[in-house]
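To keep things clear, I will list the structure first and then write my remarks on it.
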Amino acid sequence: MRTAQVTRNTNETQINLSINLDGSGNKSIDTGIPFLDHMIDQISRHGLIDIMIKSHGDLHIDDHHSVEDIGITLGMAIKESLGDKVGISRYGESFVPLDESLSRVVIDCSGRPHLEYNVIFTRPHIGKFDVDLIREFFQGLVNHALITLHIDNIRGSNSHHQCESIFKAFGIALRKAITKDVRMAGIMPSTKGVL
């Protein structure tokens, strides 16, 4: 089983996180930010990844530190649990609709952190949640998982639908990218010989 447990403590956040990439979508998510819990649930359920998160942060100031640091910690756990990446598919993509919204996510487990993020939300908040923090979450994840990630919300008029379709698409694309391909058994999916 490809698993990792990461603890990250700063003056702003204390996070305990564990994942199982070969799970079934079991989760226990308590970030202190209900909307973020709902979005990480999408990654777990649609990525078939077991995710356990307990986070305590300076939410009395702002959600920013917690959202970014949870992205960082999840990225660290993904990188650790992938190991040397031998035998994985490496690439994954997904188009996911949610009513009027349609999002596309493409992943390369490249060993190089890069985020292309093309999302224009139709309003600045979903409930009390600042939609600017979605980019911060994925930037932190990308930087520490060492993946290339393209996120495009192709259309949408409801910010909740836009965001949820992105997280569902990310979960599915990640599942495809990390899946072990029997034809790739023992093979590094790179002409460089390393990812």
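The values are calculated or read from the model by the stated rules, or taken from the named source; none is laboratory data. These figures come from a predicted structure and were not determined experimentally. Reconstructed Cβ throughout: ideal geometry from the backbone, glycine too, with neighbour counts over all protein chains shown.
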- Could you list, in sequence order, the residues of region 47-96 that are farther than 17 Å from Leu141 by Cα, touching a His at 6+ places or on another chain (Cβ under 9 Å) and of a type in the set (Ser, Thr, Tyr)? Ser94
- In region 76-100, how many residues are among the small types (Gly, Ala, Ser), crowded, with 23+ Cβ neighbours inside 10 Å and more than 17 Å from the chain's Cα centre (by Cα)? 0
- Item | Residues located in region 173-194, provided they are of a type in the set (A, V, I, L, M, F, W, C), surrounded by 10 or more Cβ atoms within 10 Å (Cβ to Cβ) and in a helix (DSSP H, G or I) | Ala173, Leu174, Ala177, Ile178, Met184
- Task: State whether the residues of region 152-166 include one that is more than 23 Å from Ile33 (Cα to Cα), touching a residue at least 12 places away in the same chain (Cβ under 8 Å) and of a type in the set (D, E, K, R).
- Result: yes
- Within region 53-61, can one find any residue that is at pLDDT 95 or above, out of contact with any helix residue (DSSP H, G or I) (no Cβ under 7 Å at 6 or more places or on another chain), among the hydroxyl-bearing types (Ser, Thr, Tyr) and crowded, with 17+ Cβ neighbours inside 10 Å? no
- Message: Need the failing condition index for Ser66 against (1) in contact with a helix residue (DSSP H, G or I) (Cβ under 6 Å, 6 or more places away or on another chain); (2) crowded, with 23+ Cβ neighbours inside 10 Å, just the number.
- Response: (1)
- Message: On the basis of being loosely packed, with under 15 Cβ neighbours inside 10 Å and on the phi > 0 side of the Ramachandran plot, does Gly156 make the cut?
- Response: no
- Which numbered condition Thr31 misses (of (1) modelled with pLDDT under 95; (2) more than 26 Å from Asp84 (Cβ to Cβ)): (1)
- Task: Please determine, by comparing only the residues of region 47-75 that are in a helix (DSSP H, G or I) and within 11 Å of the chain's Cα centre (by Cα), which one is farthest from Ser24 (Cα to Cα).
- Result: Ile72
- Those residues that are over 22 Å from Val131 (Cα atoms) and of a type outside the set (S, T, N, Q), I need them from region 3-41; list them, please. Ala4, Val6, Arg8, Leu17, Ile19, Leu21, Asp22, Gly23, Gly25, Lys27
- Item | Lone qualifier among Lys79, Lys85 - being touching a residue at least 60 places away in the same chain (Cβ under 8 Å), charged (D, E, K, R) and part of a loop (DSSP other than H, G, I, E, B) | Lys85
